[in-house]
Amino acid sequence: IGYLIFTLRISSEGIDSTLVILQSRLQLHSKGETIKIIKKYGDLPLVECYPRQLNQVFMNILSNAIDALEDSGNSRMMDRLPCSSYQSPTIFIRTEMSDPTYLAITIADNGIGMSEEVRKRIFDPFFTTKPVGKGTGMGLPISYQIIVNQHNGQLYCTSAPGQGTEFVIKIPVV
Ligand SMILES: Nc1ncnc2c1ncn2[C@@H]1O[C@H](COP(=O)(O)OP(=O)(O)O)[C@@H](O)[C@H]1O
Ligand SMILES: [Mg+2]
């Protein structure tokens with residue numbers, strides 16, 4: 001399973017189909033708000049990739065972003081939080097050539113964010129801050145395995161409490 005294929009637009013198509021699957025979750029129950037999706041897809045060259053596995057990574061990262069926006073539903077109303085917390089819940093997705101050798105996919109949210117202690121452990125198997133039954137702690141370790149080991153790529157995360165989170169996936173270009 002997981003044939004190595006060449007494609008031009010696999011990443012944006014994969015992200016779009018993942019968003020369709022997640023569509024019902026974009027409606028946040030907490031505030032009656034809908035998560036805004038801002039997409040900026042660049043012109044991408046050929047990449048060698050396992051599309052099914054890449055889609056699994058998009059699913060893991062986007063699900064986490066939605067969870068983070070759900071959890072920030074109440075705090076957005078609290079006036080002592082930084083101004084980023086006032087923005088309506090948003091997920092930013094950008095694909096671009098980061099340099100001549102890597103395709104970069106950025107997925108960012110303006111949800112609860114993470115402390116440095118949490119951020120350091122997100123790729124540890126079974127690490128989760130979510131309640132039992134909701135989190136398995138395997139989404140990001142599996143994503144890391146797929147991007148770094150299977151695709152010879154890179155996976156970075158920057159985050160701060162109340163400031164949101166940004167994941168950058170880098171896939172080497174053929
Ligand atoms: N976008 C995000 N915003 C805030 N925290 C996040 C985000 N993505 C991941 N995390 C943190 O990383 C942990 C591990 O994520 P993951 O491996 O997907 O497991 P799970 O989602 O089952 O907890 C989460 O429990 C959460 O604490
Ligand atoms: Mg997860």
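Values quoted throughout were computed directly from the atomic coordinates according to the rules given, and no laboratory measurement underlies them. As the structure is a computational prediction, the values presented were derived from the model and not from experiment. Counting neighbours? That spans all protein chains shown, and the Cβs are built from the backbone with ideal geometry, glycine included.
Relative to the longest principal Cα axis of the chain, at what angle does helix 10-22 sit, 0 to 90 degrees, rounded to 10?
40
Between residue 41 and residue 99, what is the label-point separation in nm under the 7 Å Cα-to-beta-carbon projection?
It works out to 2.7 nm between the two label points.
Given the DSSP H assignment, sum -39500 (n - 2.57) over each helix run of at least 4 residues in the chain and divide by its residue total; what's the result at 222 nm in deg cm²/dmol, nearest 500?
-8000 deg cm²/dmol
Choose one of 44, 150, 63: the residue whose Cα lies farthest towards the positive end of the charge dipole of the chain (beta-carbon charges +1 Lys, Arg; -1 Asp, Glu; about the Cα centre).
With unit charges placed on the Cβ atoms, the residue in question is 63.
Which percent of the Cα-Cα distances in segment 5-172 go past 26 Å?
Looking at segment 5-172, the distances longer than 26 Å represent 27 percent of pairs.
Per residue of segment 153-168, in order, report the coupling 6.51 cos²θ - 1.76 cosθ + 1.60 (Karplus, θ = phi - 60°) as ³J(HN,Hα) in whole Hz, putting x for Gly and Pro.
For segment 153-168, the Karplus curve yields x, 9, 9, 10, 9, 10, 6, 8, x, x, 10, x, 9, 10, 10, 10 Hz.
Could you please rank 26, 44, placing first whichever residue has the fewest other Cβ atoms within 10 Å of its Cβ?
26, 44
For segment 115-172, what does the alpha-carbon gyration tensor say about shape, rounded, prolate or oblate, given a ≥ b ≥ c as the root eigenvalues, a/c under 1.5 as rounded, and a/b over b/c as prolate?
It is oblate, given that a/c is not under 1.5 and a/b is not larger than b/c.
Which aspartates and glutamates, on any chain, are close to residue 40 with Cα under 19 Å apart, when same-chain ones fewer than 8 places away are left out?
13, 16, 96, 99, 109, 166
Looking at 137, 172, 53, which one has the Cα that reaches farthest to the positive end of the dipole of the chain (charges on Cβ: Lys, Arg +1; Asp, Glu -1)?
Of the listed residues, the answer is 137.
Can you tell me the orientation of helix 51-71 relative to the chain, as the angle in degrees between its alpha-carbon axis and the longest Cα principal axis, to the nearest 10?
Tilt of helix 51-71: around 10 degrees.
Could you work out which residue, out of 149, 110, 60, moves most in a Gaussian network model of the chain, that is, has the largest mean-square fluctuation with Cα springs under 10 Å?
149
Exposed loop chymotrypsin sites (Phe, Trp or Tyr not before Pro) only (DSSP loop, at most 14 other Cβ atoms within 10 Å): please give the longest stretch of the chain free of them, not including the sites.
4-125
For residue 134, go through the lysines and keep the ones whose alpha-carbon is under 26 Å away, minus same-chain ones fewer than eight residues off.
Within the straight-line limit of under 26 Å, residue 134 reaches these lysines: 31, 36, 120.
Filter the trypsin sites (Lys or Arg not before Pro) in segment 83-167 to those in DSSP coil with at most 14 other Cβ atoms within 10 Å of their Cβ, and list the result.
Sparse-neighbourhood loop trypsin sites (Lys or Arg not before Pro): 134.
Would any residue of segment 83-127 have its amide N under 19 Å from a label point 7 Å out along Cα→Cβ of residue 160? List them or say none.
83-88, 90, 92, 107-121
Please report 16, 67, 124 as a ranked list, fewest other C-beta atoms within 10 angstrom at the top and most at the bottom.
Lowest to highest Cβ neighbour count: 124, 16, 67.
What distance in nm separates the two pseudo spin-label positions at residue 20 and residue 173, each 7 Å out from Cα along the beta-carbon direction?
My value for the distance between the label points is 2.8 nm.
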